[in-house]
1. Being over 14 Å from Tyr209 (Cβ atoms), in contact (Cβ under 8 Å) with a residue 12 or more places away in the chain and more than 22 Å from the chain's Cα centre (by Cα) is the filter; apply it to the stretch 228-242 and report the residue that is surrounded by the most Cβ atoms within 10 Å (Cβ to Cβ).
2. Starting from residues that are surrounded by fewer than 19 Cβ atoms within 10 Å (Cβ to Cβ) and out of contact with any strand residue (DSSP E or B) (no Cβ under 7 Å at 6 or more places or on another chain), keep the ones in the stretch 337-349 and report whichever is modelled with the highest pLDDT.
3. When you go through Glu134, Glu143, Glu116 one by one, which is the residue that is of a type in the set (Asp, Glu) and out of contact with any helix residue (DSSP H, G or I) (no Cβ under 8 Å at 6 or more places or on another chain)?
4. Which residues, counting only those in the stretch 245-255, are farther than 15 Å from Pro212 by Cβ and either at pLDDT 90 or above or in contact with a Cys (Cβ under 8 Å, 6 or more places away or on another chain) (or both)?
5. All but one of (1) among the acidic types (Asp, Glu); (2) over 30 Å from Arg358 (Cβ atoms); (3) out of contact with any strand residue (DSSP E or B) (no Cβ under 7 Å at 6 or more places or on another chain) hold for Glu285; which doesn't?
6. Is it true that some residue in the stretch 279-294 is assigned by TED's automatic domain parsing to the domain that holds Thr351, farther than 20 Å from Thr347 by Cβ and among the polar types (S, T, N, Q)?
7. Could you grab me the full set of residues in the stretch 104-135 that are in contact (Cβ under 8 Å) with a residue 24 or more places away in the chain and at positive phi?
8. Residues to consider are Ile170, Ile150, Ile125, Ile131; find the one that is touching a Ser or Thr at 6+ places or on another chain (Cβ under 6 Å) and not charged (D, E, K, R).
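The values are calculated or read from the model by the stated rules, or taken from the named source; none is laboratory data. Source: prediction; values computed, not measured. Methodologically, a virtual Cβ is constructed for each residue, glycine included, from the backbone with ideal geometry; neighbour enumeration extends over all protein chains shown.
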Amino acid sequence: MKKFNSNAIENAIGYRFSKKGILKQAFTRKSYTVETEQGENNEVLEFLGDKVLDLVVTKRLIEQTTQIDDTSDIDLLIDPTLDAQEARLVCYMDESRLSQARAELVNKKSLACCIEALGLQEYLIMSKSDIMQETQNEDSVKEDLFEAIIGAVAIDCQWNMATVTDVVDIMLNLDERVYDGYIYESYNFKQMIQAWCQRRYKCLPEYRYYSPADLISYPNKELLEDIEKIKPLGFTCRVVLPSVDNKIYGYGKSKAKASLDAAKKAYVYLQKNGMLINLKDIIGEPCIEKAINQLQELYQKKYISKPEYNAYDEIDNDGSSIWYSECKIECIGELRFGTYQCHDYNTGSSTKVEAKKRAAYEVLCWLFKCLNIEIESLKQSKNPDFYSIDQEIEYEDSDYDPYDFDED
């Protein structure tokens, strides 16, 4: 557990509280107030946040799946000239599908994963018993915290729905996960940057948000550092990483999009400067004889999911068995920096054990290549199955227009 830190929490959710006590209350569990017999807990804020969250997510789904129909033409926006008697709301999803989509976004697992991705459960204020039992790791507790934070924001901003929606967008990652009413699970660059910070420095990255209005506000010290980079349209986000002196900025039409853009640029910076994970430091060079154990070590250190092997044999023309093995993994945490998807490797060998070793070795080599880590034995390899994430992500500043919103 970490000591309550309002600044770190506000950086993570993209909102500055005017009433810091409300924020602290959102992180205070009932067990603590019962034990100490003082203060207020987050139960009412949790109740409030649950209802506000439903409204924000429902609003987003309706905006993406409905149009106004005047029986002769369809407009994306309500046309004030339409005859009110003729206008109709047309939705290409029925109530059941909309309810299912909303449930996928706001269920316990979804909210718990988002809180964990932000690392906010570590700031909970709990009783000694809760701390001993590590209650902060329970999905239901993280779900309650998510809802309490939204409730606290709603109270603090005096029910400004635009502000609440911004926070929900950032915490729930709606811009990346919701498209035309359908839910897509993604592991975005903000989560990747956070995994890098937490594993290496035991802290969270800092995000600073600016809007055009900040250009005419009183220039405090922080603003003066960044004022030349603040754009007159949309939002600007600066991400601050430990051990990185460079100022990294992102831009977008919302805080969520700006922060994702900043995180993506931060990733590119870390990769180009050799600051990402180096598997050689953890397991050494890939080795066929040690490959199974090397993958197991990555699993134990929570870089990958538990490797799954599926071995089978085929009989050749001579009546001998040729063994093949598939090896499947999922990259998690910081290792997702370099990989988008996991591959199966089918390898033929004379024995089952040898086939599993070779499959594990091929997976390791693939991971090294994705992370741009040289392997001595493969320096001359031109295997087309290996590729670098650089082929997927390119940032050319001269061609990049942060306000070309039609491209989003």
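1. From the stretch 228-242, those over 14 Å from Tyr209 (Cβ atoms) are 228, 232-233, 241-242; that's our starting set.
If we keep only those that are in contact (Cβ under 8 Å) with a residue 12 or more places away in the chain too, we end up with 232-233, 241-242.
Subset that is more than 22 Å from the chain's Cα centre (by Cα): 232-233.
Numbers: Pro232: 8, Leu233: 12.
Out of the qualifying residues, it is Leu233.
2. Restricting to residues being surrounded by fewer than 19 Cβ atoms within 10 Å (Cβ to Cβ) and out of contact with any strand residue (DSSP E or B) (no Cβ under 7 Å at 6 or more places or on another chain), the top hit is His343.
3. Working: Glu143 fails: out of contact with any helix residue (DSSP H, G or I) (no Cβ under 8 Å at 6 or more places or on another chain); Glu116 fails: out of contact with any helix residue (DSSP H, G or I) (no Cβ under 8 Å at 6 or more places or on another chain).
Among Glu134, Glu143, Glu116, only Glu134 is of a type in the set (Asp, Glu) and out of contact with any helix residue (DSSP H, G or I) (no Cβ under 8 Å at 6 or more places or on another chain).
4. First, the residues of the stretch 245-255 that are farther than 15 Å from Pro212 by Cβ: 245-248, 250.
Result: Ile248, Gly250.
5. (2)
6. No, the stretch 279-294 has no match at all.
7. Of everything in the stretch 104-135, just one residue is in contact (Cβ under 8 Å) with a residue 24 or more places away in the chain and at positive phi, namely Gly119.
8. Numbers: Ile170 fails: touching a Ser or Thr at 6+ places or on another chain (Cβ under 6 Å); Ile150 fails: touching a Ser or Thr at 6+ places or on another chain (Cβ under 6 Å); Ile131 fails: touching a Ser or Thr at 6+ places or on another chain (Cβ under 6 Å).
Just a single option satisfies the conditions, and that option is Ile125.
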